[in-house]
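Peer 1: Dropping the structure in here first, questions after.
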Amino acid sequence: MSLFSEPNSFTKPLYDQLKRHPKRIVFPEGEDDRILRVAARFVELELGVPILLGNRERILAKAKELGVSMDFVKVIDPAKASDFKLFCDRLDRIERYRGLTGVDVEEVIAKPHYFAAMMVQYGQADACLGGNIADPAGVFRPLLHLIKPDPNVPKVFAVTVMTSSTLANFGRDGVLFLADTGLIPDPGVDDLASIASETGKLAHHHLGRRVRVALLSHSNQGSSPTESALRMRAATASAREKVTVDECEIDGEIQLDVALDPEVSGCKIPSMARKERADVLVFPSLDAAHISMKLLRHVGGATNYGRIIRGLTRPAGQVPRTATEEMILGTAATLGVEAIQYRLLHPNG
């Protein structure tokens with residue numbers, strides 16, 4: 001039985017694009033059996049070159065034991081890599097610039113997640129994906145430390161892409177983008193506006209059409225004067241100024257059923273009766289986003305890809321430790337496609 005599903009409405013276009021524009025994805029936790037299988041599948045689909053970090057002998061021995069082909073898969077032991085000294089020198093300059101001394105740069109760069117972040121920052125890989133073994137903080141910390149931030153995004157945040165062919169009202173094409181699912185506990189108005197606009201642009205990039213972004217609340221356009229509702233309403237107005245009409249349509253503050261069910265939206269807000277289902281859901285807090293993501297996955301049976309980290313000038317992502325091979329492969333492909341039009345998505349990179 002295959003561990004990988006047939007391409008769905010989200011992943012098939014990703015694979016088609018990567019076959020034309022292959023990319024290099026670095027996996028810092030390369031000794032995981034799942035990563036070995038994903039790497040082989042990545043090559044089989046002609047999506048690019050996987051780069052696995054870890055002990056070379058152990059990785060090759062595991063691949064042989066699993067019967068996994070390592071053809072066109074690059075394996076690097078960070079401490080033995082040809083770029084090790086170069087990355088150490090660069091980290092030393094970074095720390096001195098920040099006023100930090102006494103850092104053992106060799107010890108830091110020998111850690112796979114830091115080495116992977118350096119590879120992406122300095123063009124040795126197109127994107128980085130970790131988290132299949134490490135906890136989220138162990139993935140995020142090196143990326144935030146070493147990859148240049150996007151000056152247009154006030155805080156780094158995370159997007160989860162979810163797909164379902166069975167759940168009702170699951171976006172326009174069976175695809176939903178949820179944010180922020182990973183980093184900002186209680187976003188303010190500026191944070192929410194940035195999350196909405198940046199996630200809308202990401203969805204537009206992947207779906208290839210104008211998308212609808214919904215800033216969610218318990219309130220419908222002024223039906224409740226709570227602080228949370230007012231914050232989502234203000235963020236909606238601000239987000240609209242950050243996108244073009246060809247990229248996104250932004251609505252808020254609105255309830256989830258208004259965002260996703262055309263019959264309900266026409267009943268509650270007549271002016272929205274003819275609108276398409278939302279493609280992007282922006283939540284008022286990290287708790288709300290994360291709980292919704294888990295409900296859709298573990299109760300609704302939806303498949304999730306990512307988190308896709310936004311607010312950096314290089315593509316990077318994190319998967320949960322419970323990720324399946326299918327989730328890891330789809331997330332890697334998502335990052336690869338983000339890297340294709342890197343200059344458009346990261347104009348200041």
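The values are calculated or read from the model by the stated rules, or taken from the named source; none is laboratory data. Everything quoted here is computed from the prediction, not taken from an experiment. Note that we place each Cβ from the backbone using ideal geometry, even for glycine, and neighbour counts take in every protein chain shown.
Peer 1: Among the residues of segment 1-34, which ones are within 21 Å of Ala61 (Cβ to Cβ) and among the small types (Gly, Ala, Ser)?
Peer 2: Correct list: Gly30 only.
Peer 1: I've got another one for you. Identify, by number, the condition in (1) farther than 22 Å from Ala332 by Cβ; (2) touching a residue at least 12 places away in the same chain (Cβ under 8 Å); (3) in a helix (DSSP H, G or I) that Ala61 doesn't meet.
Peer 2: (2)
Peer 1: Now a separate question. Return the residues of segment 120-156 that are outside any loop (DSSP other than H, G, I, E, B) and touching a Ser or Thr at 6+ places or on another chain (Cβ under 8 Å); say none if nothing qualifies.
Peer 2: Matches in segment 120-156: Leu129, Pro149.
Peer 1: In segment 206-233, what residues are under 24 Å from Gly171 (Cα atoms) and either touching a helix residue (DSSP H, G or I) at 6+ places or on another chain (Cβ under 6 Å) or of a type in the set (S, T, N, Q) (or both)?
Peer 2: The answer is Val211, Val213, Ala214, Leu215, Leu216, Ser217, Ser219, Asn220, Gln221.
Peer 1: So if I check each of Arg96, Arg37, Arg56, which one is at pLDDT 95 or above and more than 26 Å from Ser5 (Cα to Cα)?
Peer 2: Answer to the check: Arg56.
Peer 1: Can I ask one more? State the number of residues belonging to segment 32-49 that are in contact (Cβ under 8 Å) with a residue 40 or more places away in the chain and either closer than 24 Å to Gly123 by Cα or surrounded by 23 or more Cβ atoms within 10 Å (Cβ to Cβ) (or both).
Peer 2: Residues meeting the conditions: 6.
Peer 1: With modelled with pLDDT of 95 or more, in contact with a Cys (Cβ under 8 Å, 6 or more places away or on another chain) and among the hydroxyl-bearing types (Ser, Thr, Tyr) as the only criterion, which of Ser197, Ser238, Ser164, Ser219 stands out?
Peer 2: Of Ser197, Ser238, Ser164, Ser219, the one residue that is modelled with pLDDT of 95 or more, in contact with a Cys (Cβ under 8 Å, 6 or more places away or on another chain) and among the hydroxyl-bearing types (Ser, Thr, Tyr) is Ser197.
Peer 1: Follow-up. When you go through Lys74, Lys62, Lys80 one by one, which is the residue that is exposed (fewer than 13 other Cβ atoms within 10 Å of the Cβ), on the phi < 0 side of the Ramachandran plot, in the same structural domain as Gln341 (by TED's automatic domain parsing) and modelled with pLDDT of 95 or more?
Peer 2: Result: Lys80 is the single residue among Lys74, Lys62, Lys80 that is exposed (fewer than 13 other Cβ atoms within 10 Å of the Cβ), on the phi < 0 side of the Ramachandran plot, in the same structural domain as Gln341 (by TED's automatic domain parsing) and modelled with pLDDT of 95 or more.
Peer 1: Would you confirm, using the coordinates I've provided, whether Val68 is within 19 Å of Val337 (Cα to Cα) and in the same structural domain as Pro320 (by TED's automatic domain parsing)? Talk me through it step by step, then tell me what you get.
Peer 2: Numbers: within 19 Å of Val337 (Cα to Cα): no; in the same structural domain as Pro320 (by TED's automatic domain parsing): yes.
Answer is no for this residue.
Peer 1: His113 fails exactly one of the following numbered conditions: (1) surrounded by fewer than 22 Cβ atoms within 10 Å (Cβ to Cβ); (2) outside any loop (DSSP other than H, G, I, E, B); (3) more than 16 Å from the chain's Cα centre (by Cα). What is the number of that condition?
Peer 2: (1)
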